[in-house]
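What follows is a set of notes on a single structure, which appears directly below.
The values are calculated or read from the model by the stated rules, or taken from the named source; none is laboratory data. Computed from a predicted model, the values in this text were never measured in an experiment. No Cβ is skipped: glycine too gets one built from the backbone with ideal geometry, and neighbour counts run over all protein chains shown. Quick note on the areas: whole protein, heavy atoms, side chains included, nothing else; ligands and nucleic acids left out. Shrake-Rupley method; radii C 1.70, N 1.55, O 1.52, S 1.80 Å.
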Amino acid sequence: MRWTINGAEVDETVDVRTSLLDLLRERLHLFGAKKGCDQGACGACTVLVDGRRINSCLALAVQYQGREIVTIEGLGAPGALHPLQKAFVEHDGFQCGYCTPGQICSAVAMASELRDGAPSYVTEDLTAETIDVTPEEVRERMSGNLCRCGAYNGIVDALTETYAPAAEADKREAA
Amino acid sequence: MSLVQDTLQAVMKKAIALAPDGFIPGGHPDPLIHHKHGLIGAPVSRIDGPLKVSGKAAFAAEFPVDGMAYAALKYSSIPRGRIAELDTRAAEAAPGVVLVMTHKNAPRLQPMPPFMSQPKAAGGDDVPVMQDDQVHWNGQPVALVLAETQEQADHARSLIRVAYEAGHGVTALAEAKANGSEPGLFQGEPLKLDLNDAEDKLAAAPHKVDVRYTTPRHSHNPIELHAATVYWEGDALRVHDATQAVDHAAWTLAQVFGLREEQVHVTSPYVGGGFGSKTLWQHQILAAAASRLAGRPVRIMLSREGVYRIVGGRTITEQRVAIGAQDDGTFDALIHTGTVAMTPHNNMPEPFILPARSAYASRSFLLDVETVKLNMVANTFMRAPGESVGTFGLECAVDELAHAMNIDPIELRIRNEPEKDPTTGLPFSSRLIVEAWRRGAERFGWSKRGAPGARREGEWLVGLGCATATYPYYRMPGGAARITLTRDGRATISISAHEMGMGTSTAQTQVAAERLGLTMEQVTFAYGDNTLPGVVLAGGSQQTAAIGAAVSAAQRQLFETLLQLAGNDSPLAGLKPDEVGGSDGGLGKLDEPQIFESYASILQRAQRESVTAEAEAPPPLELQHWSMHSHGAMFCEVRVSTVTGEVRVNRFLGVFDCGRIINAKTARSQFRGGIVMGLGLALMEETQFDERSGRIMNPSLAEYHVPVHLDVPEIDAIWLDEPDPHTPMGARGVGEIGITGVGAAVANAVFNATGKRVRDLPITLDKLL
Ligand code: FES
Ligand code: FES
């Protein structure tokens, strides 16, 4: 069985019951994707598949053969962090850090959903080509990623700074 | 305890209360309090931040070990009775199964000494762990499967058949109450206080409220599932745990397995949230037992349902709050009494009366927590045990009285501000709640608050509410630390403390660098390992103080040794440890900083590569000498839909008086995180318990609702930053106070919006329709 994970080809044989999350964690020792419920309720296991976010605990590994999978390890590492990872550190968008890889992967895909104009419950103009990254959009679209430490404010700040730098600058000016 | 011991203790207590300040830890202010422009208070980003955001911080279930097997647990489905039949044959025959462990083949184990029964006891309960056929709660583990993969273990577990002979379990609160109650005992003292005939004073008071509040069970729900990776090295047990109590866990495991404490090594460098739940429960013990039996390393990671089944949460409370007041609003009587549920196997009487002990200057008090026993998973500490739900009752009642008397609720609180602790008579170490109220009222626009139901915006009714937050300063005995300084001018601080996201490692690196006159890069903070010095529980918001006192003691010792090593040829010759301070990578005379020698130079001349100092913190006598509490003024604006009854939080402000803040960035996150959990407590959180079967009915994050992004507005958290002169660094701890007062602030805002009082948490929409 074959997957492309963080740009590298991976060969493994797994049980048909093995989730993508358990393939990553238990077989490949990519522990960045976290297990918080194994039921699709917390978002800690979020990874990117062909650029879209999925809960890897609800995905069977065998179904994702041949797809481009990116985990937090594929986004950046200490010393070479992704801009969003840096913004999380700067804005204290976490405490324990357990939900964090999932929040970051989710946010990366969320930003492209906004760029593509996919509307949400709080979007005013449903026909817009692209949608602005506002705190309200971020809150709605990130609500599938739970943070029990309650670092939500920092996460929203990190996302708006990274994906809507102008809006963030206005806010700072106003403050 | 004997009468003699009781008397002796009372005498000691009095003596400590009356002793001159100088004899008491904190009697001489920590010199660090005067460092105004250094690292203390700076908004430093977390030192472990890059690791955490890149998925490289290794949590308990992330240590791969050769030959490791995976565990799955089978839980009982009755609350009380015995296992009549246990058929494990199909499970044993399933592919990949290494072992099925039940009470029939488990190694003989002692029960866990439960929390607070002994200094290092960490057991959630004292029920025998898979030792007999008895069932004590619905959800108790009855079998463990070990297999080559998690999938195989989970499948085999589903093949186990259990038949029970049901006994009589007490699962309904009414029955438990009918069986009689016992006074709660907390930290060795009864949760009872009867001062100056409060009932009579209440009856005679011209103004009064007398109301009942209820709060449901809560589950901590850290996002990291409870997990451990365990193996035996000969007779020594190695545990990679997710724990907020490495020493307690190691000692308790040693008791269970009949080992010496030194034979158990527990590490826990990163914990994915704890909030009181990451202590010792049956899973670590069962994993270690299975590992011994199978001769294999074992990984156990509870399912989310498993966490609900075997890790207890906050218990249910029923509270009565009655306040009698004079025309001027001053309190004649403050009554806070009620009932909480526990089990026959633990002692955690949710101490909801603690805030009432010191919040207001009443002329009389009646405080009482009664406990009743249910067959349920043992309840435990959860963020601000007592205060979180106690402030809900107390601070709603103050609001109700203010409304009844037509006095502004902030003004009513200020009129009842005590000069000294109203129930112990001790002086306050520092208390600035009035200042916090004034600052907060101004910042929040409190003066714009209208009459209940007066403000309507479209479908929404909008209201403001406030409440006092309060949490005590604690410092538990047992703190000790080691400092090793090397010739290249680097220091390592070692202490068996914890990092669950509070920012401990970052804040303590700042403190140590400031104490020693080093940069943060030159300091390493080693923690989360029971082989390091000290016993430091991450609980009671005490870590900052406990580590502070221990490191400060070690620092004194270090300076003493350094001065000896420096000898007569040093510019420092003849100086005492109290006369020098760390600065610029060396020791300098405090009042003449040019009298200085670098650590490198001292060590070089003494021909030493390094120097090590280890010391214990003094016993926490300050707790009996001053009344030491943090406070906060909490403000909330909600809107309530007139169509659906839904409550949304528009704004929240907390103004905190928590002494000196060590790290502005991580402290703000602690305050905000507490407030977010408080919003959950106010509006959505409830562990639903089936009173017929004793089973938790919503054991998942889909059915137990915690606040999500869209539930949380931007939270304004500010602080007065006035050092407490009697605590290490002037700090008082910030981890728990954030959740206190939130439930009441929200409920009071809902009342202001709608004119409806909801006295039963959580405030769900059905209660407002
Ligand atoms: S672990 Fe996948 S959503 Fe929780
Ligand atoms: S940082 Fe702890 S759960 Fe989000």
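Of note:
- Residue in the stretch A:62-85 that is in contact (Cβ under 8 Å) with a residue 60 or more places away in the chain, among the charged types (D, E, K, R) and within 16 Å of ligand 2 (Cβ to nearest atom) present: no
- The single condition among (1) in contact (Cβ under 8 Å) with a residue 24 or more places away in the chain; (2) within 16 Å of ligand 1 (Cβ to nearest atom) that residue B:669 does not satisfy is (2).
- Subset of the stretch A:93-120 that is more than 9 Å from chain B (Cβ to nearest Cβ) and among the hydroxyl-bearing types (Ser, Thr, Tyr) - its residue that is nearest to ligand 2 (Cβ to nearest atom): A:106
- The residue of the stretch A:133-144 that is nearest to ligand 2 (Cβ to nearest atom), among those that are more than 7 Å from chain B (Cβ to nearest Cβ) and not in a helix (DSSP H, G or I), is A:144.
- Candidates B:329, B:312 - the one that is part of a loop (DSSP other than H, G, I, E, B), over 30 Å from residue B:113 (Cβ atoms) and among the small types (Gly, Ala, Ser): B:329
- Selected residue (criterion: most open to solvent (accessible area, probe 1.4 Å)) from residues of the stretch B:145-170 that are within 28 Å of residue B:316 (Cβ to Cβ) and either small (Gly, Ala, Ser) or part of a strand (DSSP E or B) (or both): B:166
- Test for residue A:22: is it more than 12 Å from ligand 1 (Cβ to nearest atom), open to solvent by 10 Å² or more (accessible area, probe 1.4 Å) and within 11 Å of another protein chain (Cβ to nearest Cβ): no
- Scanning the stretch B:551-562 for residues that are within 26 Å of residue B:261 (Cβ to Cβ) and touching a helix residue (DSSP H, G or I) at 6+ places or on another chain (Cβ under 9 Å), we see that the one that is least open to solvent (accessible area, probe 1.4 Å) is B:551.
- Taken over the stretch A:54-90, the criterion of being of a type outside the set (A, V, I, L, M) and crowded, with 23+ Cβ neighbours inside 10 Å is satisfied by A:55, A:56, A:57, A:71, A:85, A:88.
- Selection within the stretch B:563-582 - open to solvent by less than 40 Å² (accessible area, probe 1.4 Å) and not hydrophobic (A, V, I, L, M, F, W, C): B:567, B:570, B:577, B:581, B:582
- Residue match in the stretch B:281-296 (condition: within 14 Å of another protein chain (Cβ to nearest Cβ), modelled with pLDDT of 95 or more and not in a helix (DSSP H, G or I)): no
- Helices (runs of 4 or more DSSP H) wholly inside the stretch B:595-691 containing at least 1 residues that are touching a Pro at 6+ places or on another chain (Cβ under 9 Å): B:622-625, B:664-683
- Of all residues in the stretch B:481-503, those satisfying the criterion of being outside any strand (DSSP E or B), closer than 18 Å to residue B:545 by Cβ and in contact (Cβ under 8 Å) with a residue 60 or more places away in the chain are B:496, B:498, B:499, B:500, B:502, B:503.
- Meets criteria (at pLDDT 95 or above and either within 14 Å of another protein chain (Cβ to nearest Cβ) or within 27 Å of residue B:520 (Cβ to Cβ) (or both)) for residue B:633: no
- Residue check for residue A:64: in contact with a Phe, Trp or Tyr (Cβ under 9 Å, 6 or more places away or on another chain) and more than 10 Å from chain B (Cβ to nearest Cβ): yes
- From the options B:306, B:273, B:324, residue that is in a loop (DSSP other than H, G, I, E, B) and touching a residue at least 60 places away in the same chain (Cβ under 8 Å): B:273
- Residue within the stretch B:58-76 that is more than 30 Å from residue B:266 (Cβ to Cβ) and away from every other protein chain (no Cβ under 14 Å) present: no
- Selection of the stretch B:400-448 for residues being open to solvent by 30 Å² or more (accessible area, probe 1.4 Å) and in contact with a Pro (Cβ under 6 Å, 6 or more places away or on another chain) yields only B:420.
- Flag if residue B:526 is open to solvent by 10 Å² or more (accessible area, probe 1.4 Å), within 14 Å of another protein chain (Cβ to nearest Cβ), at pLDDT 95 or above and on the phi < 0 side of the Ramachandran plot: no
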